[in-house]
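What follows is a set of notes on a single structure, which appears directly below.
The values are calculated or read from the model by the stated rules, or taken from the named source; none is laboratory data. Model, not experiment: these values are computed from the prediction. Cβ sites come from the backbone with ideal geometry, for glycine too, and all protein chains shown count toward neighbours.
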Amino acid sequence: MNINKLKSNFSMRAAFRGLIAIIIFIAIWEFGARSLDLIGYRVPFIGLIPPPTAVLDSWAGLVVDPSYWQSWYMSFMRVFTGFLVAMVVGIPLGLYMAVNRTFYGIAFPSFEILRPIPPLAWVPASIIFWPTQEMSIAFVTFLGAFYTIVINVLGGAKSINRQYLQAAQSMGASQADIFRRIILPATLPSIVVGSAVGMGITWEVVVAAEMISGGGSGGAGGGLGFFIWSSYVGGSYEQIIVGMISIGIAGYISSELLRKLGGRFTPWLKTR
Amino acid sequence: MSTVDKTNLMPTKGAIRIEDVVKIYDPEGTAVMAVDHCSIDIPAGEICMIVGPSGCGKTTLLNTIAGFHGLTSGHIYLDDEILCGPGKEKAEPGSDRIVVFQNGALFPWKTNLENIAFGPMMEGKLSKGEIYQKARKMMVDAGLEGTEDAYPGEVSSGLRRRVEIVRALMNEPKVLLFDEPYRALDSLTKSVMHEALLEIYYKNKVTIFFITHDLEEAIFLGHRLIIMSSRPCKPKKIVEVDIPHPRDYSVLTSPRFREIMNEAKSVVNEEARKAFEAGEKEG
Amino acid sequence: MSQSNTTMNLTMYRMSSWLKSPKPYLMFIGFGFVLSFWYFSVEVWKLPRFQDMPALTEVFEEWFSKDPYYGLSIYTPEYYKHIGISLRRIGYAFFLATALGVPLGLFLGWSQKLREYIFPLFELLRPIPVLAWVPLAIIIFSGSETPVIFLTFLASFFATTLNTMLGVESIDEEYSRAAYCLGASRWQTFIHVVVPGAMPFIFTGLQISIGVAWFSLVAGEMVSGQYGLGYIINTAYIMVQYSQIVIGMITLGIIGYVTSALVRVAGDYMMQWRVRELALGGD
């Protein structure tokens, strides 16, 4: 309902206004960044970063560089590995906690105790534990999405309208039927939401893990996070911003894909 | 038209005249006519019941009077003053016409007393002390004593509706606009609410524009029933309820009540069927 | 007085029914599992890979030692200095993010015009992970303190603003209509309807905001910074003082939990109406 309202409010005027704000933003950035050359005074903060035109220039050079695309590939692989494992482990765990009270009583408090530890705090422990750097990054990435997915699946499965279950029982459904035909589909929307949020966190974690592990030891690097960090260390500031924008685009693409996929799995949520 | 009720004194202010009103919605390029050349005359102090199937455009009419949206053509007058019409696209929402909403719109974050005091507090004409004193008195008069400091979420839905009506009366409006306020209540609570509403009405005479699709409610409360056709909305038949006020629940079983019921029912059913067949989603 | 009494009784009631249920015992079974797995896998069975991990006994001996081997335990002032510095950074960032994000979110949700101008820009910047800002923050802000606070702020700010805006959009339109009806001006409606109506969402946003604040603070402290819990974890790794890593992690977990509980308590305190409504609905 809310989405529909937003859509109907979206008009040419809105698009125009949004564009104006973005153009003004870029203009201020460009002017601020070049202020030392233009007016002989360095505008604080913005004066220290490269102007958008220089960023575009540097980007144009990078798109033909295969190592830039290699970074994309590396980050995407890590995100999807960590994310897929989080789904495969998190969804059954969340569902099982929702249907089995005893298991819930045992597992949930421990889960809640571990949850406030930020995923990135696991980075060193993970590097010590896992034999390869790649696996340790994947593990931290997994953690990032895992908590969100479990919490959403659990919440979704617990909030199922009891009448659906009663209706199914009265029609003679077995426990397995109820699980497969009621609990699973009724939880799907929460799974989709949890995954979308988890995907966002995954990108955050990948970037940081790449910066900390790759950037720190200079070892098995790669990935867009490492790209940003090495650009910083190497002093090519334009490339930092290229890296930031690239990650933004990559994260956006993966969330959109997920949303499309989620929409396909939950056709009944479409309102007209 | 106030021949119905000679014994009771009627207020002089609060007459509504709806003249040839048309409202066309244009959401996605397909024009939908919600109200079609509708004219209704409501004298001051009358309880006018607007009856029609769900989604027929009654609420649209109420919203234009309240000033929530404009109309396509026609005029609406309050005491010979133009509320909206050509040149004045939308009426200003104001405290002379107060809406009692379908789902109830008491602010859940204010206590019942704060809710009732809200209108005068916003106007700021009286001091806070005076307003709260008046609010407390109004609550006592309406039998709401003891619920002053409760939040709306803590009291029954029937009580909430009463608080809402008292809140509306605090501003001394000329007109009360009811948008199916008792729709969600069970029939027992409803009957209590009806008597309470009439009691409040006898104490504070205002014009009441009351939307409903419950015929029994309409006949019990109203001086007049205006039965609307299904979309587009337009008066189809006017039924006078010549049962004298003050009324209580004994009138429900009176033969005259049955007669009026029969007269109205056939018209309403026909419209309801039309609306059902058109497959409109309830709004 | 009576209000705090009710809350008190409710807490007591919940406490006693919790103790009577199997919940606390199951909880300890769960904790037992986790801790004994840690103990046996590392120290007794010495499973491959696990044997390199910091051992349970080692960690707790260090943590509660009066004379810690690596210089950090609950008896050393150094430990509290790190906690204090992390807390101070969170405090600055969270305060700033709330002070800017809540008003911005309120206005964005309230004024369609403002939303049309600002929101696309906001959405354009949002997909960039906060942690990708690290190098840029170091370049823009001199020193090692400001970049860390900036990152933490940025994460909180996005969460708070977005949730506040969604909160305003979630408010039922009837509430603002009711306020206009009762004679409230646009500004009065903002203060009395929009702000309290969005409050539940704002506090959900603040809960998320404090979580992501810790999340990015740790990253910031690991990459740059001289003190703080993230710094402990990273330095302990580099200096091969592995038990300190776990001390840092546990401390982070505890403090992170306490801060978000504080936000929740503040929310309950400011939204008595909601607490009481939910308490009735829950029982």
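Scanning region C:185-241 for residues that are away from chain A (no Cβ under 11 Å) and among the β-branched types (Val, Ile, Thr) returns C:THR189, C:ILE191, C:VAL193, C:VAL194, C:VAL195, C:ILE202, C:THR204. If the condition is being in contact with a Leu (Cβ under 9 Å, 6 or more places away or on another chain), within 10 Å of another protein chain (Cβ to nearest Cβ) and at pLDDT below 90, then region C:255-283 contributes only C:ALA279. Just one of the listed residues (A:GLY61, A:GLY40, A:GLY47) is without any contact (Cβ under 8 Å) to a residue 60 or more places away in the chain and at positive phi, and it is A:GLY40. The numbered conditions (1) surrounded by 17 or more Cβ atoms within 10 Å (Cβ to Cβ); (2) within 17 Å of B:ILE42 (Cβ to Cβ); (3) charged (D, E, K, R) are all true for B:ARG231 except (2).
Among the residues of region A:102-129, those identified as touching a residue at least 60 places away in the same chain (Cβ under 8 Å) and under 20 Å from the mean Cα position of the chain (by Cα) are A:PRO119, A:LEU120, A:VAL123. Within region C:65-73, the presence of a residue that is assigned to a helix (DSSP H, G or I) and surrounded by 11 or more Cβ atoms within 10 Å (Cβ to Cβ) is excluded. Residues in region B:56-110 that are more than 8 Å from chain C (Cβ to nearest Cβ), polar (S, T, N, Q) and out of contact with any Lys or Arg (no Cβ under 8 Å at 6 or more places or on another chain): B:THR59, B:ASN63, B:SER73. Among residues that are surrounded by 14 or more Cβ atoms within 10 Å (Cβ to Cβ), among the aliphatic types (A, V, I, L, M) and outside any strand (DSSP E or B), B:VAL267 is included. Filtered by the rule that a residue be assigned to a loop (DSSP other than H, G, I, E, B) and within 11 Å of chain A (Cβ to nearest Cβ), region C:33-46 gives no residues. Counting only residues that are in a helix (DSSP H, G or I), of a type in the set (D, E, K, R) and surrounded by fewer than 16 Cβ atoms within 10 Å (Cβ to Cβ), region B:271-283 holds 3 of them.
Residue count for region B:109-127, restricted to those that are surrounded by fewer than 23 Cβ atoms within 10 Å (Cβ to Cβ) and over 18 Å from B:GLY94 (Cα atoms): 5.
Could we say that A:ILE151 is at pLDDT 90 or above, of a type in the set (A, V, I, L, M) and more than 30 Å from A:GLY94 (Cα to Cα) here? Criteria not met by A:ILE151. Restricting the search to helices (runs of 4 or more DSSP H) fully inside region A:32-140 and requiring at least 2 residues that are within 13 Å of another protein chain (Cβ to nearest Cβ) and of a type in the set (A, V, I, L, M, F, W, C) gives A:66-99, A:101-114, A:123-129. Taken as a whole, the condition of being under 17 Å from the mean Cα position of the chain (by Cα), of a type in the set (Gly, Ala, Ser) and under 20 Å from C:THR98 (Cα atoms) does not apply to C:GLY230.
The number of residues in region C:101-119 being in a helix (DSSP H, G or I) and out of contact with any Ser or Thr (no Cβ under 8 Å at 6 or more places or on another chain) comes to 11. Taking the numbered list (1) hydrophobic (A, V, I, L, M, F, W, C); (2) modelled with pLDDT of 85 or more; (3) more than 15 Å from the chain's Cα centre (by Cα) in turn, B:LEU185 passes all entries but (2).
The set of residues in region C:112-151 being among the β-branched types (Val, Ile, Thr) and farther than 21 Å from A:ALA27 by Cα consists of C:VAL130, C:VAL134, C:ILE138, C:THR146, C:VAL148, C:ILE149. So is C:LEU252 surrounded by 24 or more Cβ atoms within 10 Å (Cβ to Cβ), within 17 Å of the chain's Cα centre (by Cα), assigned to a helix (DSSP H, G or I) and at the interface with another protein chain (Cβ under 7 Å from one of its Cβ atoms) or not? Spelling it out, C:LEU252 is indeed surrounded by 24 or more Cβ atoms within 10 Å (Cβ to Cβ), within 17 Å of the chain's Cα centre (by Cα), assigned to a helix (DSSP H, G or I) and at the interface with another protein chain (Cβ under 7 Å from one of its Cβ atoms).
Of the numbered criteria (1) at pLDDT below 85; (2) away from chain C (no Cβ under 12 Å); (3) surrounded by 12 or more Cβ atoms within 10 Å (Cβ to Cβ), the one A:ALA14 fails is (2).
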